[in-house]
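A short worksheet on the structure shown next.
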Amino acid sequence: MAMVGDAGTLITLGVFIGVLVLVTVFSAIVAGAYRERSLLTHAAATLMGVLAVVALIAGRAEYPEAAVLVALGLAGLQLLDLVSHAGALRQPRRWLVGASVALMPALGLASLIGGWHLLLPGLAAWATVTAVLMFRAWPQSQPWVTWLVPGQLALAAAAAWLGWRSLDREPDPALPLAAMLAVWSAAVYLATVWRSRIYGETRVRIDARATVDPLTGLATPLMFHERVRAVRSLMRRYGHPSVLLLVHIDNLSQLSAEFGPELAESALLVAANRVREALGDGDVAARLSHSRIAVLAEGRPLADGAANVATRILVAGMKEPLPAAPAVFLQFRVVLAAVPAGDMTPKALLQRLSARMDEQLMTLSERRIVSMAPEELVA
């Protein structure tokens with residue numbers, strides 16, 4: 001076994017090895033929990049670093065270089081995942097793929113079998129391609145890349161130190177190698193987790209934008225159409241009735257003309273909240289336009305929808321004045337129809353309800369709740 005120094009050095013060495021092992025475990029756990037492939041690759045690369053340190057301690061000179069060469073290849077594959085968002089990197093990516101998948105493993109195998117010292121040439125090739133890729137990806141990778149750069153530099157320093165000492169053929173302690181590899185592994189882990197969190201939050205916002213209207217917090221039309229299709233399937237299978245309602249904010253344009261668009265927009269938010277509060281647990285509402293909200297009331301026949309859901313919506317508008325205009329109440333109109341079991345699309349159903357609502361507005365009808373018979377939908 002190679003000499004590693006006194007008790008203090010041994011403790012410090014154990015701490016650095018412990019850091020490498022912990023990062024390996026945490027990377028594997030987080031990768032499995034969040035399906036983060038780059039962390040799984042980092043776990044494998046860090047494990048190679050642990051093997052290199054242990055082999056150096058054991059005095060097996062042929063193993064550390066091969067393990068670090070494999071670690072460089074795995075680090076290159078992880079870098080490909082981390083900068084996959086950056087554009088104009090096709091050619092550097094190809095070079096890094098070639099170096100990581102073909103060159104580094106081949107050099108590691110040759111170093112292991114033939115006893116050749118190939119770590120420094122392999123490091124030169126890996127560092128060149130990595131530097132080009134990082135330089136181009138830097139502007140598009142803020143802020144997490146600030147941890148990735150020192151991590152990559154620490155890995156390069158560890159490989160350079162090991163390659164130089166292998167040529168020197170002097171039995172050096174494993175502490176410097178373990179320290180540099182620990183810095184690399186921890187820094188790259190932090191950068192990867194930071195990036196994963198940023199991209200995870202972005203995906204959540206994108207998914208929320210596809211399902212939730214950003215202005216009112218109601219469902220989007222796309223989400224609403226999916227719910228109508230699901231309700232229709234339940235109707236065909238179990239005879240599960242549902243009602244489709246179109247709510248029109250009658251005095252929204254008047255508010256905009258009299259008080260300005262800011263108050264009209266705040267009135268729309270109040271209207272959305274009051275419609276939401278009037279619904280049951282299984283019901284859903286979606287904003288279709290600036291003044292119209294679609295509502296799906298599940299498990300209700302047409303008569304119940306008109307007597308309960310539509311009435312509650314009208315009462316919700318009139319129960320108290322607008323916060324920004326204490327003398328003004330919201331005035332709603334509702335057109336509703338039972339969801340048919342036929343193949344009419346949700347968009348076509350809403351268009352029929354909207355056309356009927358337009359007729360009510362043109363005739364200035366005093367009726368606030370209008371029910372459409374099934375034959376009116378297909379007429």
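Being of a type outside the set (A, V, I, L, M, F, W, C) and either touching a helix residue (DSSP H, G or I) at 6+ places or on another chain (Cβ under 8 Å) or open to solvent by less than 40 Å² (accessible area, probe 1.4 Å) (or both) is the filter here; which residues of the range 287-298 pass it?
Across the range 287-298, the qualifying residues are R287, H290, S291, R292, E298.
For A310, which of the numbered conditions (1) surrounded by 14 or more Cβ atoms within 10 Å (Cβ to Cβ); (2) within 16 Å of L252 (Cβ to Cβ) fails to hold?
All conditions pass for A310, except number (2).
If I filter the range 300-319 for residues that are aliphatic (A, V, I, L, M), under 37 Å from the mean Cα position of the chain (by Cα) and more than 20 Å from V231 (Cα to Cα), do I get at least one hit?
Among the residues of the range 300-319, at least one is aliphatic (A, V, I, L, M), under 37 Å from the mean Cα position of the chain (by Cα) and more than 20 Å from V231 (Cα to Cα), which makes the answer yes.
If only one of L56, L51, L69, L40 is open to solvent by 40 Å² or more (accessible area, probe 1.4 Å), closer than 21 Å to R165 by Cα and assigned to a helix (DSSP H, G or I), which one is it?
L51
For the list (1) within 27 Å of K319 (Cβ to Cβ); (2) modelled with pLDDT of 85 or more, I need the number of the one condition that G280 fails.
Going through (1) within 27 Å of K319 (Cβ to Cβ); (2) modelled with pLDDT of 85 or more one by one, G280 breaks only (2).
Restricting the range 248-264 to residues that are out of contact with any Lys or Arg (no Cβ under 7 Å at 6 or more places or on another chain) and in contact (Cβ under 8 Å) with a residue 12 or more places away in the chain, which is farthest from G217 (Cα to Cα)?
Only one residue fits best here, namely F259.
Quick one: count up the residues across the range 325-348 that are over 28 Å from G239 (Cα atoms) and either under 37 Å from the mean Cα position of the chain (by Cα) or not aliphatic (A, V, I, L, M) (or both).
The number of residues fulfilling the criteria is 5.
From (1) of a type outside the set (G, A, S); (2) closer than 29 Å to M235 by Cα; (3) assigned to a helix (DSSP H, G or I); (4) open to solvent by 30 Å² or more (accessible area, probe 1.4 Å), pick out the condition that doesn't hold for E359.
Just one mismatch for E359, condition (2).
Return yes or no: is A131 at pLDDT 85 or above and over 30 Å from Q360 (Cβ atoms)?
Values: at pLDDT 85 or above: yes; over 30 Å from Q360 (Cβ atoms): yes.
Answer is yes for this residue.
If you take the residues in the range 214-251 that are within 25 Å of G317 (Cα to Cα) and modelled with pLDDT under 85, which one is surrounded by the most Cβ atoms within 10 Å (Cβ to Cβ)?
So, considering only residues that are within 25 Å of G317 (Cα to Cα) and modelled with pLDDT under 85, the one surrounded by the most Cβ atoms within 10 Å (Cβ to Cβ) is L215.
Quick one: S289 ticks every box in (1) under 21 Å from L350 (Cα atoms); (2) in contact (Cβ under 8 Å) with a residue 12 or more places away in the chain; (3) hydroxyl-bearing (S, T, Y) except a single one, so which number is it?
Against the list (1) under 21 Å from L350 (Cα atoms); (2) in contact (Cβ under 8 Å) with a residue 12 or more places away in the chain; (3) hydroxyl-bearing (S, T, Y), S289 comes up short only on (2).
Scan the range 44-70 residue by residue and report those that are over 36 Å from the mean Cα position of the chain (by Cα) and among the aliphatic types (A, V, I, L, M).
Once the filter is applied, which keeps residues that are over 36 Å from the mean Cα position of the chain (by Cα) and among the aliphatic types (A, V, I, L, M), the range 44-70 yields V53, V54, A55, L56, I57, A58, A61, A66.
I'm checking my understanding of the structure. Among residues of the range 194-213 that are in contact with a helix residue (DSSP H, G or I) (Cβ under 9 Å, 6 or more places away or on another chain) and of a type in the set (A, V, I, L, M), which one is modelled with the lowest pLDDT?
A210
In the range 327-336, is there at least one residue being in a helix (DSSP H, G or I) and surrounded by 19 or more Cβ atoms within 10 Å (Cβ to Cβ)?
No, the range 327-336 contains no residue that is in a helix (DSSP H, G or I) and surrounded by 19 or more Cβ atoms within 10 Å (Cβ to Cβ).
Can you go through P143, P139, P121, P105 and tell me which one is out of contact with any Gly (no Cβ under 9 Å at 6 or more places or on another chain), touching a residue at least 12 places away in the same chain (Cβ under 8 Å) and open to solvent by 40 Å² or more (accessible area, probe 1.4 Å)?
P143
May I ask you to list the residues in the range 88-102 that are open to solvent by 40 Å² or more (accessible area, probe 1.4 Å) and either under 14 Å from A67 (Cα atoms) or of a type outside the set (S, T, N, Q) (or both)?
The answer is A88, R90, R93, R94, W95, V97, V101, A102.
Could you tell me which of the residues V284, V275 is open to solvent by less than 40 Å² (accessible area, probe 1.4 Å), β-branched (V, I, T), over 27 Å from R237 (Cβ atoms) and within 32 Å of the chain's Cα centre (by Cα)?
Result: V275 is the single residue among V284, V275 that is open to solvent by less than 40 Å² (accessible area, probe 1.4 Å), β-branched (V, I, T), over 27 Å from R237 (Cβ atoms) and within 32 Å of the chain's Cα centre (by Cα).
Which condition number does P176 fail, the rest of (1) surrounded by fewer than 20 Cβ atoms within 10 Å (Cβ to Cβ); (2) under 29 Å from the mean Cα position of the chain (by Cα) being met?
Going through the list (1) surrounded by fewer than 20 Cβ atoms within 10 Å (Cβ to Cβ); (2) under 29 Å from the mean Cα position of the chain (by Cα), P176 breaks only (2).
The values are calculated or read from the model by the stated rules, or taken from the named source; none is laboratory data. Because the structure is predicted, anything quoted here is derived from the model rather than measured. Cβ coordinates were reconstructed from backbone atoms using ideal geometry, including for glycine residues, and neighbour counts include every protein chain displayed. We work out accessible area using only protein heavy atoms, side chains counted, and drop any ligands, DNA or RNA first. Shrake-Rupley method; radii C 1.70, N 1.55, O 1.52, S 1.80 Å.
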